[in-house]
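Encoded as C-alpha coordinates, the structure appears first; notes follow it.
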Amino acid sequence: MKIFKTALSLRSYILEHKRQNKTIGFVPTMGCLHAGHFSLIRRACKENDLVVLSIFVNPIQFGPREDYKSYPRNFSRDLYYARKYGVDVLYYPSVKEIYKKDFSTYIDIEGLSSKLCGKSRPGHFKGVATVCAKLFSATLPDIAYFGRKDLQQAVIIKRMVRDLGIPVRIKVLPIVRERSGLAMSSRNIYLKPERREQAAKIYHALQEANNVFKKGCTDVSAVKSLVRDKLKKITGSKIDYIEIVDLKNLQPLNKVHPGSALVVALWVDKVRLIDNIIF
Ligand code: AMP
(Lines give C-alpha, C1' and ligand atoms only; values in the text may rest on other atoms or scores of the structure.)
Protein backbone atom coordinates (compact mmCIF):
# COMPACT_ATOMS: atom_id res chain seq x y z
CA MET A 1 0.00 0.00 0.00
CA LYS A 2 1.33 3.41 -1.03
CA ILE A 3 0.97 6.32 1.39
CA PHE A 4 0.82 9.93 0.20
CA LYS A 5 0.71 13.05 2.31
CA THR A 6 0.35 15.71 -0.38
CA ALA A 7 -2.24 16.25 -3.09
CA LEU A 8 0.49 16.84 -5.65
CA SER A 9 2.25 13.49 -5.14
CA LEU A 10 -1.06 11.62 -4.88
CA ARG A 11 -2.44 13.16 -8.06
CA SER A 12 0.61 12.38 -10.13
CA TYR A 13 0.41 8.73 -9.02
CA ILE A 14 -3.30 8.65 -9.82
CA LEU A 15 -2.74 10.23 -13.25
CA GLU A 16 -0.22 7.52 -14.13
CA HIS A 17 -2.93 4.93 -13.50
CA LYS A 18 -5.59 6.92 -15.34
CA ARG A 19 -3.31 6.98 -18.39
CA GLN A 20 -3.44 3.18 -18.27
CA ASN A 21 -7.26 3.38 -18.23
CA LYS A 22 -7.45 2.18 -14.63
CA THR A 23 -10.55 3.17 -12.67
CA ILE A 24 -10.20 4.88 -9.30
CA GLY A 25 -12.48 4.17 -6.33
CA PHE A 26 -12.33 6.54 -3.37
CA VAL A 27 -13.38 6.14 0.27
CA PRO A 28 -13.05 9.33 2.34
CA THR A 29 -12.96 8.81 6.14
CA MET A 30 -11.85 10.38 9.38
CA GLY A 31 -10.13 7.15 10.39
CA CYS A 32 -10.65 5.02 13.49
CA LEU A 33 -11.89 2.51 10.98
CA HIS A 34 -14.75 0.10 11.72
CA ALA A 35 -16.98 -2.33 9.84
CA GLY A 36 -18.97 0.55 8.28
CA HIS A 37 -15.78 1.81 6.62
CA PHE A 38 -14.72 -1.73 5.69
CA SER A 39 -17.95 -2.26 3.74
CA LEU A 40 -17.19 0.85 1.66
CA ILE A 41 -13.60 -0.29 1.05
CA ARG A 42 -14.71 -3.79 0.07
CA ARG A 43 -17.21 -2.46 -2.45
CA ALA A 44 -14.66 -0.01 -3.85
CA CYS A 45 -12.18 -2.88 -4.31
CA LYS A 46 -14.79 -4.94 -6.14
CA GLU A 47 -15.67 -2.16 -8.56
CA ASN A 48 -12.36 -0.41 -9.30
CA ASP A 49 -8.78 -1.08 -10.38
CA LEU A 50 -7.25 1.21 -7.78
CA VAL A 51 -8.73 2.06 -4.36
CA VAL A 52 -7.79 5.21 -2.46
CA LEU A 53 -8.68 5.61 1.20
CA SER A 54 -8.28 8.99 2.85
CA ILE A 55 -7.90 9.53 6.57
CA PHE A 56 -8.29 13.14 7.61
CA VAL A 57 -9.96 14.50 10.72
CA ASN A 58 -11.27 17.69 9.20
CA PRO A 59 -11.06 20.55 11.71
CA ILE A 60 -13.43 22.89 9.86
CA GLN A 61 -16.42 20.54 10.15
CA PHE A 62 -16.27 20.61 13.95
CA GLY A 63 -17.91 23.41 15.92
CA PRO A 64 -15.89 25.27 18.59
CA ARG A 65 -17.47 23.21 21.38
CA GLU A 66 -17.32 19.91 19.49
CA ASP A 67 -14.90 17.01 19.83
CA TYR A 68 -12.20 17.81 17.22
CA LYS A 69 -9.35 17.44 19.72
CA SER A 70 -10.68 14.30 21.34
CA TYR A 71 -11.99 12.65 18.13
CA PRO A 72 -10.66 9.05 18.25
CA ARG A 73 -7.48 8.58 16.20
CA ASN A 74 -5.56 5.33 15.80
CA PHE A 75 -3.31 5.47 12.78
CA SER A 76 -1.39 2.22 13.27
CA ARG A 77 -4.61 0.24 13.68
CA ASP A 78 -6.08 1.99 10.61
CA LEU A 79 -2.97 1.08 8.59
CA TYR A 80 -3.38 -2.56 9.54
CA TYR A 81 -7.02 -2.66 8.42
CA ALA A 82 -6.45 -0.61 5.28
CA ARG A 83 -3.87 -3.19 4.16
CA LYS A 84 -6.03 -6.10 5.27
CA TYR A 85 -9.02 -4.93 3.22
CA GLY A 86 -6.99 -4.28 0.09
CA VAL A 87 -6.59 -0.49 -0.05
CA ASP A 88 -3.99 0.39 -2.71
CA VAL A 89 -3.36 3.99 -1.77
CA LEU A 90 -3.73 5.80 1.54
CA TYR A 91 -4.01 9.56 1.45
CA TYR A 92 -3.07 10.92 4.86
CA PRO A 93 -2.65 14.68 4.60
CA SER A 94 -1.87 17.06 7.46
CA VAL A 95 -4.17 19.96 8.34
CA LYS A 96 -1.54 22.33 6.90
CA GLU A 97 -1.56 20.43 3.60
CA ILE A 98 -5.33 20.76 3.23
CA TYR A 99 -5.71 24.28 4.64
CA LYS A 100 -2.74 26.32 3.49
CA LYS A 101 -2.15 29.74 5.03
CA ASP A 102 -4.92 32.20 4.08
CA PHE A 103 -7.28 29.42 2.98
CA SER A 104 -10.54 31.21 2.29
CA THR A 105 -12.66 29.25 -0.20
CA TYR A 106 -15.64 27.32 1.13
CA ILE A 107 -18.54 25.44 -0.42
CA ASP A 108 -21.99 25.96 1.00
CA ILE A 109 -24.86 23.87 -0.28
CA GLU A 110 -27.61 26.37 0.44
CA GLY A 111 -30.78 25.05 1.97
CA LEU A 112 -29.60 21.47 2.44
CA SER A 113 -26.76 22.46 4.81
CA SER A 114 -28.91 24.25 7.35
CA LYS A 115 -31.52 21.51 7.83
CA LEU A 116 -31.53 18.61 10.31
CA CYS A 117 -27.95 18.18 11.67
CA GLY A 118 -27.03 21.55 10.17
CA LYS A 119 -29.35 23.26 12.68
CA SER A 120 -27.46 22.08 15.73
CA ARG A 121 -24.08 21.95 13.95
CA PRO A 122 -23.87 25.25 12.05
CA GLY A 123 -20.99 25.23 9.56
CA HIS A 124 -20.61 21.46 9.73
CA PHE A 125 -21.71 20.68 6.17
CA LYS A 126 -19.82 23.65 4.76
CA GLY A 127 -16.72 22.00 6.23
CA VAL A 128 -17.70 18.58 4.90
CA ALA A 129 -18.45 19.83 1.38
CA THR A 130 -15.27 21.90 1.22
CA VAL A 131 -13.01 19.04 2.30
CA CYS A 132 -14.74 16.56 -0.03
CA ALA A 133 -14.23 18.90 -2.98
CA LYS A 134 -10.53 19.17 -2.06
CA LEU A 135 -10.20 15.41 -1.62
CA PHE A 136 -11.93 14.77 -4.96
CA SER A 137 -9.56 17.14 -6.72
CA ALA A 138 -6.57 15.34 -5.20
CA THR A 139 -7.88 11.83 -5.92
CA LEU A 140 -9.75 12.28 -9.22
CA PRO A 141 -11.99 9.29 -8.47
CA ASP A 142 -14.40 7.66 -10.90
CA ILE A 143 -16.59 6.55 -7.99
CA ALA A 144 -16.64 7.83 -4.39
CA TYR A 145 -18.26 5.72 -1.69
CA PHE A 146 -20.28 7.10 1.21
CA GLY A 147 -22.35 5.48 3.95
CA ARG A 148 -26.09 6.01 4.33
CA LYS A 149 -25.47 6.36 8.06
CA ASP A 150 -24.64 10.00 7.28
CA LEU A 151 -27.66 10.44 5.07
CA GLN A 152 -27.66 14.23 4.98
CA GLN A 153 -23.95 14.24 4.10
CA ALA A 154 -24.58 11.88 1.18
CA VAL A 155 -27.45 14.02 -0.15
CA ILE A 156 -25.30 17.15 0.15
CA ILE A 157 -22.29 15.62 -1.61
CA LYS A 158 -24.50 14.35 -4.43
CA ARG A 159 -25.93 17.84 -4.85
CA MET A 160 -22.48 19.43 -4.77
CA VAL A 161 -21.04 17.21 -7.52
CA ARG A 162 -24.15 17.78 -9.62
CA ASP A 163 -24.12 21.58 -9.12
CA LEU A 164 -20.37 21.99 -9.66
CA GLY A 165 -20.15 19.38 -12.42
CA ILE A 166 -17.50 17.37 -10.60
CA PRO A 167 -16.99 14.22 -12.71
CA VAL A 168 -17.40 11.59 -9.98
CA ARG A 169 -20.16 9.09 -9.32
CA ILE A 170 -21.37 9.02 -5.72
CA LYS A 171 -22.44 5.64 -4.38
CA VAL A 172 -24.25 5.42 -1.06
CA LEU A 173 -24.05 2.08 0.77
CA PRO A 174 -26.25 0.65 3.54
CA ILE A 175 -25.70 1.24 7.25
CA VAL A 176 -23.56 -1.37 8.97
CA ARG A 177 -24.76 -2.08 12.50
CA GLU A 178 -23.40 -3.66 15.63
CA ARG A 179 -25.00 -6.95 16.60
CA SER A 180 -27.36 -5.03 18.89
CA GLY A 181 -28.61 -2.90 15.99
CA LEU A 182 -26.70 0.25 16.96
CA ALA A 183 -25.29 1.92 13.84
CA MET A 184 -21.48 1.59 13.80
CA SER A 185 -19.73 4.86 14.47
CA SER A 186 -16.22 5.88 15.55
CA ARG A 187 -17.91 7.80 18.37
CA ASN A 188 -19.58 4.70 19.85
CA ILE A 189 -16.41 4.07 21.88
CA TYR A 190 -17.32 7.15 23.94
CA LEU A 191 -20.45 5.35 25.20
CA LYS A 192 -20.27 3.54 28.53
CA PRO A 193 -21.19 -0.15 28.07
CA GLU A 194 -24.60 0.24 29.72
CA ARG A 195 -25.39 3.28 27.55
CA ARG A 196 -24.25 1.43 24.42
CA GLU A 197 -26.83 -1.22 25.23
CA GLN A 198 -29.48 1.49 25.68
CA ALA A 199 -28.48 3.14 22.40
CA ALA A 200 -29.41 -0.04 20.55
CA LYS A 201 -33.01 0.97 21.22
CA ILE A 202 -32.64 3.69 18.58
CA TYR A 203 -32.73 1.10 15.82
CA HIS A 204 -35.59 -0.75 17.51
CA ALA A 205 -37.60 2.49 17.47
CA LEU A 206 -36.88 2.98 13.76
CA GLN A 207 -37.84 -0.61 12.99
CA GLU A 208 -41.07 -0.25 14.90
CA ALA A 209 -41.89 2.88 12.89
CA ASN A 210 -41.32 0.89 9.71
CA ASN A 211 -43.59 -1.91 10.97
CA VAL A 212 -46.38 0.56 11.72
CA PHE A 213 -45.94 2.00 8.20
CA LYS A 214 -46.06 -1.49 6.69
CA LYS A 215 -49.37 -2.04 8.50
CA GLY A 216 -50.78 1.01 6.71
CA CYS A 217 -50.04 4.05 8.90
CA THR A 218 -48.80 6.96 6.77
CA ASP A 219 -49.50 9.69 9.31
CA VAL A 220 -46.22 11.56 9.90
CA SER A 221 -47.11 12.90 13.35
CA ALA A 222 -48.30 9.48 14.57
CA VAL A 223 -45.07 7.80 13.39
CA LYS A 224 -42.90 10.58 14.82
CA SER A 225 -44.61 10.49 18.19
CA LEU A 226 -44.19 6.70 18.38
CA VAL A 227 -40.45 7.15 17.74
CA ARG A 228 -40.24 10.04 20.23
CA ASP A 229 -41.83 7.91 22.98
CA LYS A 230 -39.31 5.12 22.35
CA LEU A 231 -36.26 7.40 22.19
CA LYS A 232 -37.29 9.20 25.39
CA LYS A 233 -37.07 5.90 27.23
CA ILE A 234 -33.35 5.57 26.48
CA THR A 235 -31.49 6.39 29.69
CA GLY A 236 -29.44 9.58 29.37
CA SER A 237 -31.05 10.57 26.05
CA LYS A 238 -31.88 14.03 24.76
CA ILE A 239 -33.59 14.17 21.37
CA ASP A 240 -32.25 16.64 18.81
CA TYR A 241 -34.67 15.86 15.98
CA ILE A 242 -36.99 13.22 14.55
CA GLU A 243 -38.03 13.93 10.97
CA ILE A 244 -39.57 12.15 8.02
CA VAL A 245 -38.13 13.62 4.85
CA ASP A 246 -37.87 13.29 1.11
CA LEU A 247 -34.59 11.54 0.27
CA LYS A 248 -33.74 13.89 -2.59
CA ASN A 249 -34.09 17.28 -0.91
CA LEU A 250 -34.51 16.48 2.80
CA GLN A 251 -37.84 18.36 2.82
CA PRO A 252 -40.19 17.27 5.65
CA LEU A 253 -43.17 15.29 4.36
CA ASN A 254 -46.85 15.37 5.30
CA LYS A 255 -47.33 11.68 4.57
CA VAL A 256 -44.99 8.72 4.76
CA HIS A 257 -44.27 7.11 1.37
CA PRO A 258 -42.24 4.07 0.41
CA GLY A 259 -38.75 5.50 -0.04
CA SER A 260 -39.21 8.32 2.50
CA ALA A 261 -36.48 8.57 5.13
CA LEU A 262 -36.96 8.61 8.88
CA VAL A 263 -33.97 10.44 10.32
CA VAL A 264 -33.12 10.93 13.98
CA ALA A 265 -30.40 12.59 16.03
CA LEU A 266 -30.05 12.43 19.78
CA TRP A 267 -27.53 12.74 22.55
CA VAL A 268 -26.95 9.78 24.78
CA ASP A 269 -25.05 11.32 27.67
CA LYS A 270 -22.59 13.56 25.82
CA VAL A 271 -22.42 11.49 22.63
CA ARG A 272 -24.39 12.69 19.63
CA LEU A 273 -25.79 9.77 17.64
CA ILE A 274 -27.59 9.75 14.30
CA ASP A 275 -29.50 7.00 12.56
CA ASN A 276 -32.09 6.53 9.83
CA ILE A 277 -34.18 4.06 7.90
CA ILE A 278 -35.85 4.22 4.53
CA PHE A 279 -39.54 3.20 4.68
P1 AMP B 1 -16.40 8.98 9.02
O2 AMP B 1 -15.04 8.40 9.20
O3 AMP B 1 -17.27 8.86 10.23
O4 AMP B 1 -16.34 10.39 8.47
O5 AMP B 1 -17.13 8.12 7.91
C6 AMP B 1 -16.55 7.88 6.65
C7 AMP B 1 -17.56 7.24 5.75
O8 AMP B 1 -17.99 6.01 6.33
C9 AMP B 1 -18.83 8.10 5.58
O10 AMP B 1 -19.26 8.01 4.23
C11 AMP B 1 -19.80 7.46 6.51
O12 AMP B 1 -21.15 7.64 6.13
C13 AMP B 1 -19.40 5.99 6.38
N14 AMP B 1 -19.89 5.27 7.56
C15 AMP B 1 -19.69 5.58 8.85
N16 AMP B 1 -20.36 4.72 9.65
C17 AMP B 1 -20.99 3.85 8.84
C18 AMP B 1 -21.85 2.72 9.05
N19 AMP B 1 -22.19 2.33 10.27
N20 AMP B 1 -22.31 2.06 7.97
C21 AMP B 1 -21.98 2.46 6.72
N22 AMP B 1 -21.18 3.50 6.45
C23 AMP B 1 -20.69 4.20 7.49
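For the stretch 35-48, does any single residue satisfy the condition of being within 23 Å of Lys96 (Cβ to Cβ), among the hydrophobic types (A, V, I, L, M, F, W, C) and touching a residue at least 24 places away in the same chain (Cβ under 8 Å)? So far as the stretch 35-48 goes, no, none of its residues is within 23 Å of Lys96 (Cβ to Cβ), among the hydrophobic types (A, V, I, L, M, F, W, C) and touching a residue at least 24 places away in the same chain (Cβ under 8 Å).
Residue count for the stretch 189-234 satisfying the condition of being of a type in the set (Val, Ile, Thr), under 23 Å from Ser260 (Cα atoms) and either surrounded by fewer than 17 Cβ atoms within 10 Å (Cβ to Cβ) or touching a helix residue (DSSP H, G or I) at 6+ places or on another chain (Cβ under 8 Å) (or both): 4. Only one entry in Arg42, Arg77 is under 26 Å from Arg177 (Cβ atoms), over 19 Å from the mean Cα position of the chain (by Cα) and in a helix (DSSP H, G or I), namely Arg77.
For the stretch 45-74, the candidate set comprises residues that are within 16 Å of Ile143 (Cα to Cα) and not in a strand (DSSP E or B); within that set, the residue that is farthest from the ligand (Cβ to nearest atom) is Asp49. You will find that of Phe62, Phe103, the residue that is surrounded by 14 or more Cβ atoms within 10 Å (Cβ to Cβ) and either touching a helix residue (DSSP H, G or I) at 6+ places or on another chain (Cβ under 6 Å) or of a type in the set (Phe, Trp, Tyr) (or both) is Phe62 and no other.
In the set (1) within 22 Å of the chain's Cα centre (by Cα); (2) in contact (Cβ under 8 Å) with a residue 40 or more places away in the chain, Asn210 fails one condition alone, (1).
Kindly establish whether Tyr68 is in contact with a Pro (Cβ under 9 Å, 6 or more places away or on another chain), surrounded by fewer than 17 Cβ atoms within 10 Å (Cβ to Cβ) and modelled with pLDDT of 95 or more. In short, yes. Would it be correct to say that Ile41 is near the ligand (Cβ under 10 Å from one of its atoms) and surrounded by 16 or more Cβ atoms within 10 Å (Cβ to Cβ)? Taking the combined requirement at face value, the residue satisfies it. Scan the stretch 16-32 for residues that are more than 7 Å from the ligand (Cβ to nearest atom) and without any contact (Cβ under 8 Å) to a residue 60 or more places away in the chain and the total you get is 6. The set of residues from the stretch 106-150 being within 12 Å of the ligand (Cβ to nearest atom), of a type outside the set (Gly, Ala, Ser) and either touching a Leu at 6+ places or on another chain (Cβ under 8 Å) or free of Cβ contacts under 8 Å to residues at least 24 places away in the same chain (or both) comprises Tyr145, Phe146, Arg148. Can you find a residue in the stretch 87-94 that is buried (at least 17 other Cβ atoms within 10 Å of the Cβ), away from the ligand (no atom under 16 Å from the Cβ) and among the β-branched types (Val, Ile, Thr)? The answer is yes; a qualifying residue exists.
The rows are residues; the columns are (1) farther than 24 Å from Gln153 by Cα; (2) outside any helix (DSSP H, G or I); (3) away from the ligand (no atom under 13 Å from the Cβ).
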residue: Ile170; (1), (2), (3): no, yes, no
residue: Ile175; (1), (2), (3): no, yes, no
residue: Arg187; (1), (2), (3): no, no, no
residue: Glu197; (1), (2), (3): yes, no, yes
residue: Glu208; (1), (2), (3): yes, no, yes
residue: Phe213; (1), (2), (3): yes, no, yes
residue: Val227; (1), (2), (3): no, no, yes
residue: Lys230; (1), (2), (3): yes, no, yes
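The values are calculated or read from the model by the stated rules, or taken from the named source; none is laboratory data. Everything quoted here is computed from the prediction, not taken from an experiment. Don't worry about glycine lacking a Cβ; one is built from the backbone with ideal geometry, like all the others, and counts go over all protein chains shown.
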